[in-house]
1. What is the spread of the Cα atoms of the stretch 1-61 along each of their three principal axes, largest first, in whole Å?
2. Calculate how steeply helix 219-229 sits against the longest principal axis of the alpha-carbon atoms of the chain, using the helix alpha-carbon long axis, and give the answer as 0 to 90 degrees to the nearest 10.
3. Ignoring everything but the protein chains, give the 1.4 Å probe accessible area of residue 33 in square angstrom, nearest 10.
4. Along the three principal axes, how long is the stretch 1-145 when you take its alpha carbons, biggest first, rounded to the nearest angstrom?
5. Report residue 24's accessible area, 1.4 Å probe, all protein chains in place, as a number in Å² to the nearest 10.
6. At residue 181 and residue 103, where each label point lies 7 Å from the Cα along Cα→Cβ, what is the point-to-point distance in nanometres?
7. Give, in nm to one decimal, the length gained when the segment between residue 45 and residue 29 is fully stretched (0.36 nm per residue of separation minus the Cα-Cα distance).
8. Once the Cα atoms of helix 233-243 and of the chain are each reduced to a long axis, what angle between those two axes, in degrees from 0 to 90 to the nearest 10, is obtained?
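The values are calculated or read from the model by the stated rules, or taken from the named source; none is laboratory data. Everything numeric in this text was worked out from a predicted model, so none of it was measured. Cβ atoms come from the backbone with ideal geometry, glycine included; neighbour counts cover every protein chain shown. Accessible surface areas use protein heavy atoms only, side chains included; no ligands, DNA or RNA. Shrake-Rupley method; radii C 1.70, N 1.55, O 1.52, S 1.80 Å.
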Amino acid sequence: MVHIRDVWVNWFEGEENGYNVCDFHEWRSEDKIEVLDQAKLVFVSARLFDYLENYLDELPDELLEEVYQQSYLRKNMSRLQLDYCFVATDGEKVIAIDTMGYKTPIRKSRLTPRQEQTVYELLQQHELKKFDIDHEIGEKEYHMLSPDPAELKGLTRKERQLKQLLYMALDQLYTTGTDAEVRYWYTEWNPRDYMRIQMLEREEAWQQLYQEIRSGWTSKHHQLCEAMVRGQAFFEKLWELEHGESVK
């Protein structure tokens, strides 16, 4: 059995998309970093790695049996045994997984660059059994509240989180907004097109606004997001957590 020791983990919980499991360079001082005193190392196929990284579905029984109670969390001066926690690599990428006792990858973390290098060295030194998944994985469907990675490519952690907050506000606008409100927010985004926007049906206006904000993240996105969350307590709290200041 191959284990890796003193593994720093920054758990991201309940994330079905790997882009929300931040790389080490995006970790923040306020993140809660834990240390795995010992973690089981498993070698997986690229397909199973993608499954671990981008899904929240049940893991193969064979894999769960292999890692059962093989990892320990360092807590103060004690070691806490974890039922299904492990570090997985496909030879190109590395991820830490903790199911919190269930059969799904509830918590996920990247590793530090030094420990990633240790993983690759262990993979070279030991012949590890390769785990795969024995059923077909359907093509993942992305939508506004689980956006396609292409829409977030190149964005910082803060920009990704704010863009997803903007999508949440836009989704609420679709559900509860009046025709006038939808046209108002589209005009806020694209004031030069005021006359044309006033002639649009509600669905047309919303769809065109959605399509226009999907690409990248700019100061216009930032301003629209701040304006749309203003006065909505839940969204304002998310803004403050990500932005570090109250909505102006």
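1. Projected onto its principal axes, the Cα set of the stretch 1-61 covers 35, 29, 18 Å.
2. 80 degrees
3. Taking all protein chains as shown, residue 33 has close to 70 Å².
4. Principal extents (largest minus smallest coordinate, Cα): 43, 37, 27 Å.
5. Accessible area of residue 24: about 80 Å².
6. Label at residue 181, label at residue 103, 4.2 nm between them.
7. Values: separation 16, 0.36 × 16 = 5.76 nm, distance 3.33 nm.
That pair, residue 45 and residue 29, stretches by 2.4 nm at full extension.
8. 60 degrees
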